[in-house]
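The values are calculated or read from the model by the stated rules, or taken from the named source; none is laboratory data. Since the structure is predicted, the reported quantities are computational estimates derived from the model, not experimental observations. Note that each Cβ is placed from the backbone with ideal geometry, even for glycine, and that neighbours are counted across all protein chains shown. Only protein heavy atoms, including side chains, enter the accessible area calculation; ligands, DNA and RNA are left aside. Shrake-Rupley method; radii C 1.70, N 1.55, O 1.52, S 1.80 Å.
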Amino acid sequence: MKRIGMLTSGGDCQALNAAMRGVVKSLSNSGEDVEIYGFLEGYRGLIYGNFQMLTSKDFSGILTKGGTILGSSRTPFKTIKDPDENGLNKVEAMKQNYYKLRLDCLVVLGGNGTHKTANLLREEGLNVITLPKTIDNDLYGTDMTFGFQSAVNIATDCIDCIHTTASSHGRVFIVEVMGHKVGYLTLNAGMAGGADIILIPEIPYDIKKVAAAIEKRAKNGSKFTILAVAEGAISKEDAALSKKEYKEKMKNYKYPSVSYEIAEKIQEITGKEVRVTVPGHTQRGGSPCPYDRVFASRLGAEAGRLILEGEYGFMVGYKNREIVKVPLADVAGKLKMVEPDSTIIKEAKMLGISFGD
């Protein structure tokens with residue numbers, strides 16, 4: 001008998017259900033007797049012992065369903081060791097609930113913060129296996145995360161739709177794509193959607209060069225320009241500030257987001273009308289695309305194999321087109337960034353895309 005705990009933590013995304021289904025189906029098809037304990041609302045469920053006993057039937061018919069049947073929440077790693085409002089030691093509570101249920105393994109699906117806590121639990125002696133979930137594709141140790149391709153599809157569809165109205169009115173349009181620290185989503189959606197300018201956190205922009213790129217298009221006969229802007233895009237001036245200086249500046253920030261600041265400055269420099277579109281959380285929602293369904297299922301199946309073989313302390317990742325196991329200690333606390341001199345950036349520039357640098 002294998003007793004498996006499972007939780008989804010952090011922001012939701014497409015294919016969480018597909019990944020959990022992959023784990024359960026692979027275990028069920030092995031012939032091993034399995035009990036599944038689904039912790040509700042992420043680590044919060046593990047802390048307070050809020051769980052449901054699940055069977056393989058609960059994971060039937062969820063391959064195409066977005067979101068997570070277990071619910072999710074954000075439990076910041078930086079406060080995980082702090083007592084809750086009632087003085088409860090959260091780390092000890094998670095350990096006690098793990099041992100109380102006599103779990104053989106805890107399967108955790110999540111992104112960067114989730115993996116930090118998962119690694120902490122591993123260090124505390126729990127058997128943990130993780131699956132890489134995030135639309136940002138910024139988890140270290142894996143070439144791909146599930147949810148990313150579905151989000152790219154949605155952001156690309158948004159840019160595609162903007163093309164027709166931008167060309168009709170001859171305007172400059174900014175599409176703000178999710179991504180506070182890393183620009184993979186904006187980069188890929190921007191290239192797929194034919195954006196003329198792409199601004200990402202890893203490449204600080206010069207607003208004058210952004211404006212120059214827009215004016216160059218106008219001189220060449222283009223009536224409109226489309227910018228794909230990551231929500232974490234940053235100017236060269238702001239990037240040069242210390243963290244303390246930047247934090248102080250943001251206290252008096254008057255714009256809803258960086259896209260509106262960029263829009264105002266483009267209008268001031270070029271005199272052109274600028275509109276901002278923010279698809280927001282639609283990028284996390286809806287049914288997972290076929291790629292993510294297959295990918296998440298493969299990751300889940302491999303997690304099931306590791307559980308059956310008693311191999312714990314790993315993230316199931318994807319490297320060089322193969323599913324691999326990566327030590328959690330090598331993943332936790334690290335971000336996978338877009339390299340400014342990477343081949344995809346060079347190729348994008350060869351296509352005439354400006355990064356404002």
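If packing is taken as the average number of other Cβ atoms within 10 Å across a peptide's residues, how do 252-264, 143-155, 217-229 rank, most packed first? Numbers along the way, then the final one.
Details: 252-264: 15.8, 143-155: 25.5, 217-229: 18.5.
Packing proxy ranking, top to bottom: 143-155, 217-229, 252-264.
Round to the nearest 0.05 the FRET efficiency obtained for N252 and S73 when R0 = 35 Å and r is the Cβ-Cβ distance.
Values: r = 31 Å, r/R0 = 0.89.
The computed FRET efficiency comes out at 0.65.
For A19, what charge total do you get from the other residues with a beta carbon under 13 Å from its beta carbon, if Lys and Arg give +1 and Asp and Glu give -1? Spell out each step's value before the answer.
Details: positive: R21, K25, K65, K133, R293, R298; negative: D12, D292, E302.
Local net charge: +3.
Enter the angle in degrees (range 0 to 90, nearest 10) between the Cα long axis of helix 16-28 and the first principal axis of the Cα atoms of the chain, meaning the one along which they spread out most. Computed tilt is about 30 degrees. Sorting 339-351, 2-14 by average packing, meaning the other beta carbons within 10 Å per residue, from highest down gives 2-14, 339-351. Extension gain, M1 to N29, is 8.7 nm, computed as 0.36 nm per intervening residue step minus the present C-alpha separation.
Taking label positions 7 Å along the Cα-Cβ direction at both L88 and D104, the computed distance is 2.8 nm, reported to one decimal. Computed extension length for E237-K319: 25.9 nm, one decimal, from 0.36 nm per residue of separation with the Cα-Cα distance subtracted. Within the listed set L121, L131, L299, the residue fluctuating most in the Gaussian network model of the chain (springs between alpha-carbon atoms under 10 angstrom) is L121. Accessible surface comparison of C161, C289, probe 1.4 Å, protein chains only, largest first: the order is C161, C289.
Return the lysines within reach of K209: Cα separation strictly under 17 angstrom, same-chain partners fewer than 8 residues apart disregarded; answer none if there are no such residues. Within reach: K219, K236, K265, K272, K349.
State the volume of the convex hull built on the alpha-carbon positions of segment 267-335, expressed per residue in Å³ and rounded to an integer. Could you put the intermediate results ahead of the total?
Numbers: hull volume 13.2 nm³, N = 69.
About 192 Å³ per residue, rounded to a whole number.
Each 10 Å bin, from zero up to the one with the longest distance, holds this percent of the alpha carbon pairs of segment 136-189: 24, 45, 23, 8, 1.
Using a probe radius of 1.4 Å on heavy atoms only, what accessible surface per residue do you get for segment 196-250? Whole Å² is fine. Please list the in-between numbers first.
Working: 2950 Å² over 55 residues.
I get 54 Å² per residue for this part.
Please give the per residue accessible area of segment 12-146, computed with a probe of 1.4 Å over protein heavy atoms only, in Å².
Numbers: 5590 Å² over 135 residues.
With the other protein chains kept in place, segment 12-146 gives 41 Å² per residue.
Using alpha-carbon pairs under 8 Å, 6+ residues apart, how would you state the relative contact order of segment 262-331 in percent? 17 percent.
At q = 0.08, 0.14 Å⁻¹ the log10 of I(q)/I(0) for the chain amounts to -0.44, -1.08, computed by Debye summation with a single uniform scatterer per C-alpha, solvent ignored.
If I stretch the segment between M337 and Q267 completely, what's the gain in nm (0.36 nm per residue apart, minus their alpha carbon distance), one decimal?
22.1 nm
In this rough spin-label picture, where each label sits 7 Å from Cα along the Cβ direction, the K57-H281 distance is 3.2 nm. Across the chain, the mean sequence separation of Cα contacts (distance under 8 Å, 6 or more residues apart), normalised by length, yields a relative contact order of 24 percent.
Pairs of Cα atoms nearer than 8 Å and 6+ residues apart set the relative contact order; for segment 16-151 it is 20 percent. Here the accessible area is traced with a 1.4 Å probe on the protein chains. For the chain, carbon and sulfur cover 49 percent of it. The E245 and E124 beta-carbon pair, evaluated with R₀ = 45 Å, returns a calculated FRET efficiency of approximately 0.75.
Dividing the Cα radius of gyration of segment 239-357 by 2.2 N^0.38 Å, with N the residue count, gives 1.57.
Report, in degrees rounded to the nearest 10, the 0 to 90 angle that the Cα long axis of helix 112-123 makes with the longest principal axis of the chain. Once rounded, the angle reads 30 degrees.
Listed by chain and number, the lysines whose C-alpha is less than 30 Å from the C-alpha of K57, apart from same-chain residues fewer than 8 away, are K2, K25, K65, K95, K100, K133, K325.
Entry note, the chain: the mean residue ellipticity at 222 nm calculated from DSSP H runs of n ≥ 4, each adding -39500 (n - 2.57), is -12000 deg cm²/dmol after division by the residues and rounding to the nearest 500.
Please give the helix 148-169 orientation as an angle from the longest Cα principal axis of the chain, in degrees from 0 to 90, rounded to the nearest 10. Taking the Cα atoms of the chain, the angle to 148-169 is about 20 degrees. A Förster radius of 51 Å, combined with the Cβ-Cβ distance separating Q96 from K223, puts the computed FRET efficiency at roughly 0.20.
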